[in-house]
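Below: one structure in structure tokens.
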Amino acid sequence: MPLDYPIHEKTLPNGLCVVVSPDTSVPNVTVNLWVNVGSRHEAPGRTGFAHLFEHLMFQGSRNVASGEHFTRLMAEGGRLNATTWFDRTNYFETVPKGAYELALWMEADRHGYLLDAVNQANLDNQRDVVKEEKRQRYDNVPYGNALIDTYATVFPADHPYHHPTIGSMEDLDAASLEDVHAFFRRYYGPNNTVLTLVGDLTPEEGFAAAEKYFGELPASAEPKRANRDQLEPITAPVRFERRDKVPNDRLHLAFRLPVDNTDDYFAASLALDAIGGLTTSRLVQRLVRREQVANAVQAHSMGFVDGVSLGFVILDIADGQDPDVVEARACEELERFAKEGPTDVEMESALAQAERSWLHSLASQEERADAISQHTLLHDDPQFINTYLDRLNAVTAGQVQAMAQQWLQPQNRAVVAHLVATEEEVA
């Protein structure tokens with residue numbers, strides 16, 4: 001039986017797409033905005049700008065003081081934050097129903113009039129904050145650079161997913177105030193944004209409030225741009241090694257995948273689940289349980305929109321084991337899966353796990369709003385939350401096997417190895 005969450009959509013004259021999904025189960029409203037700008041939109045020499053704006057958006061705007069966005073909404077009992085990724089920047093808050101217009105007013109003020117508050121002092125302050133975040137999340141934690149290394153190894157140097165969202169500190173240091181203002185004017189506009197409201201309000205209330213607070217905002221200069229052609233699989237293994245002070249050797253086997261929100265992507269994701277993403281998966285059964293040469297195995301996919309997605313198999317190597325041997329055994333399982341395809345039990349398990357995860361996420365008003373914004377902005381598909389499981393369950397074992405043969409063979413892998421450094425290397 002298909003899901004049937006109510007979805008109502010309207011586009012304002014200035015191009016803002018508004019989606020309202022009423023939910024009267026609790027007297028809250030989630031305000032969720034996705035802006036069509038992420039690290040993939042950044043130019044060479046100007047990386048990290050999308051993430052920098054996530055920080056600057058909390059430093060005040062024309063009518064809101066620095067830090068006031070948090071303090072006022074939290075005083076109303078709200079919770080809020082923002083995130084940046086390759087394909088978007090996301091701002092969100094969940095507040096009691098009586099405060100949702102306050103949340104919309106504050107969002108409209110910073111989305112329309114942020115630059116009134118972006119001066120040199122704020123820019124310098126937030127550059128320092130981003131640098132500290134990079135030190136805490138990437139530079140000074142075990143395996144912190146694993147994903148950065150993976151993106152750089154899997155994608156060509158001129159590809160928009162080659163560099164990480166955190167960006168280059170050198171690029172941020174070199175950015176002028178005018179560079180930063182120009183980036184905002186280009187991408188931050190209602191015609192480049194989706195606003196989703198989920199909660200205790202009617203479609204009429206939601207559309208009227210969106211028009212009241214966002215209706216006068218000027219459009220940005222940057223329309224939604226077309227996506228690239230599909231990037232082909234890697235044809236011969238590539239490798240990057242980093243020796244560091246880590247608890248144990250860890251291997252990331254990474255693969256290019258079909259673009260997100262396609263049947264091919266769903267099939268490739270199910271293949272990864274069956275290979276290494278479930279407790280019953282082939283790699284877990286062999287490497288962790290039977291042979292005990294790995295402490296853990298993970299596998300998952302990241303859906304991207306600009307011509308490619310990304311899949312991982314992550315192997316935590318057990319003490320005393322040769323990572324090259326464990327990698328070779330993992331490759332044997334990849335070859336066997338491509339040759340045999342998934343069993344009935346593997347298909348059933350992968351589909352059941354995907355369904356459980358999806359329904360669990362939709363039970364959260366906040367995650368539901370986020371999924372609506374995501375698929376409206378990136379795929380023009382606000383009904384995705386209702387149709388995804390039907391599309392997923394239509395994928396056949398033959399399609400899963402075909403995707404494994406095309407994308408998940410050993411020759412398609414990029415290996416990022418984070419290996420335990422010797423005492424001399426650490427010194």
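What part of the accessible area of the range 227-277, given as a whole %, is carbon or sulfur when the probe is 1.4 angstrom?
Its accessible area is 42 percent carbon and sulfur atoms.
Another one. If you count the DSSP beta bridges with both ends in the chain, what percent of them are antiparallel, to the nearest 5?
Roughly 80 percent of the beta bridges in the chain run antiparallel, per DSSP.
May I pose another question? Please report, in whole Å³, the volume per residue of the convex hull around the C-alpha atoms of the range 315-423. Intermediate results must be reported in sequence, preceding the final value.
Numbers: hull volume 19.9 nm³, N = 109.
It comes to 183 Å³ per residue, whole-number rounded.
Per residue and in Å³, how big is the convex hull formed by the alpha-carbon atoms of the range 49-172?
Each residue corresponds to 125 Å³ of Cα convex hull volume.
Can you give me the convex hull volume of the Cα atoms of the range 137-178, divided per residue and expressed in Å³?
Here the figure is 88 Å³ per residue.
Another question, if that's okay. If the only charges are +1 at each Lys and Arg Cβ and -1 at each Asp and Glu Cβ, what is the size of the charge dipole of the range 119-184 around the Cα centre, to the nearest 20 debye?
My answer is approximately 260 debye.
Can I ask one more? Using Cα atoms only, what is the angle between the long axis of helix 365-379 and the major principal axis of the chain, expressed in degrees (0 to 90) to the nearest 10?
80 degrees
Past the 20 angstrom mark, what percentage of all C-alpha to C-alpha distances in the range 107-261 do you count?
Numbers: 8150 of 11935 pairs.
I get 68 percent for the Cα pairs in the range 107-261 exceeding 20 Å.
When Lys and Arg each count +1 and Asp and Glu each count -1, what net charge do the other residues less than 14 Å away from PRO44, Cβ to Cβ, add up to?
On the way: positive: ARG40, ARG46; negative: GLU42, ASP158, GLU170, ASP171, ASP179.
So the environment of PRO44 carries a net charge of -3.
In addition: Using a 1.4 Å probe on the protein chains only, how many percent of the accessible area of the range 291-427 belongs to carbon and sulfur? Numbers along the way, then the final one.
Working: 2640 of 5780 Å².
With neighbouring chains kept in place, the figure for the range 291-427 is 46 percent.
Rounding to the nearest 10 and keeping the result within 0 to 90°, find how far the Cα-based axis of helix 100-113 lies from the longest principal axis of the chain.
The angle comes out near 90 degrees.
Sticking with this one: Give the accessible surface of the range 36-104 per residue, rounded to a whole number of Å², with probe radius 1.4 Å and ligands, DNA and RNA excluded. Could the numbers behind the result be given before it?
Values: 2390 Å² over 69 residues.
Per residue, the range 36-104 has 35 Å² of solvent-accessible surface.
What would the Debye equation give as log₁₀ I(q)/I(0) for the range 204-245 at q = 0.16, 0.24, 0.33 Å⁻¹, counting only Cα atoms as equal point scatterers?
One equal scatterer on each Cα of the range 204-245 leads to -0.72, -0.95, -1.13.
Pull out a ≥ b ≥ c, the square roots of the eigenvalues of the alpha-carbon gyration tensor of the range 304-348, then state rounded if a/c is under 1.5, prolate if not and a/b is larger than b/c, and oblate in the remaining case.
oblate
Under the classification rounded if a/c is under 1.5, otherwise prolate if a/b is larger than b/c and oblate if not, where does the range 26-82 fall, given a ≥ b ≥ c as square roots of the Cα gyration tensor eigenvalues?
Verdict is oblate for the range 26-82.
Using 0.36 nm times the number of residues separating ALA394 and HIS379, minus their current alpha carbon distance, what extension gain do you get?
Result: 3.4 nm gained on full extension.
Against the longest alpha carbon principal axis of the chain, how many degrees, from 0 to 90 and to the nearest 10, is the axis of helix 263-272 turned?
50 degrees
For ASP128 and ALA328, what does the FRET efficiency come to when R0 = 45 Å and r is the distance between their Cβ atoms, rounded to the nearest 0.05? All intermediate terms of the calculation are to be shown ahead of the outcome.
Numbers: r = 45 Å, r/R0 = 1.01.
The pair ASP128/ALA328 has a calculated efficiency of 0.50.
Would you mind working out the magnitude of the charge dipole of the chain relative to its Cα centre, with +1 at each Lys and Arg C-beta and -1 at each Asp and Glu C-beta, to the nearest 20 Debye?
Numbers: 37 positive and 64 negative charges, 20 e Å.
Around 100 debye, computed over the chain.
Return the calculated 222 nm mean residue ellipticity for the chain, to the nearest 500 deg cm²/dmol, obtained by summing -39500 (n - 2.57) across DSSP H runs with n ≥ 4 and dividing by the residue count. Display every interim value, and only then the final one.
Working: 15 runs with 170 residues, N = 427.
Roughly -12000 deg cm²/dmol at 222 nm, from the helical runs in the chain.
Would you mind working out the accessible area per residue for the range 201-355, using a 1.4 Å probe, and quoting it in Å²?
Ligands and nucleic acids excluded, the figure is 46 Å² per residue.
Nearest 20 debye, what's the magnitude of the dipole of the range 302-427 about its Cα centre given +1 on Lys and Arg Cβ and -1 on Asp and Glu Cβ?
Dipole size: approximately 580 debye.
Take the alpha carbon gyration tensor of the range 1-105, find the square roots of its eigenvalues, order them as a ≥ b ≥ c, and report rounded if a/c is under 1.5; if not, report prolate when a/b exceeds b/c, else oblate.
Numbers: a/c = 2.04, a/b = 1.25, b/c = 1.64.
Oblate, because a/c is 1.5 or more while a/b does not exceed b/c.
Next question. Would you compute the Debye intensity of the chain from its alpha-carbon atoms alone, equal scatterers and no solvent, and pass along log10 I(q)/I(0) at q = 0.08, 0.12 Å⁻¹ to two decimals?
Calculated log10 I(q)/I(0) at the listed q: -0.49, -1.07.
Can I ask one more? Per 5 Å bin from zero, what fraction in whole % of the C-alpha pairs of the range 176-321 is there, up to the bin with the longest pair?
2, 8, 11, 11, 12, 11, 11, 11, 9, 7, 6, 2, 1
OK, next. Compute the projected area of the convex hull of the Cα atoms of the range 1-45, averaged over all viewing directions, and report it in nm² to one decimal place. If you can, show how the numbers build up before the last one.
Details: hull surface 24.7 nm².
In nm², the orientation-averaged hull projection of the range 1-45 is 6.2.
The values are calculated or read from the model by the stated rules, or taken from the named source; none is laboratory data. The shown structure was predicted, so the numbers you read here are calculated from the model rather than taken from an experiment. Virtual Cβ from ideal backbone geometry, glycine too; neighbours counted across all protein chains shown. Protein only, heavy atoms only, side chains kept; ligands, DNA and RNA dropped before computing areas. Shrake-Rupley method; radii C 1.70, N 1.55, O 1.52, S 1.80 Å.
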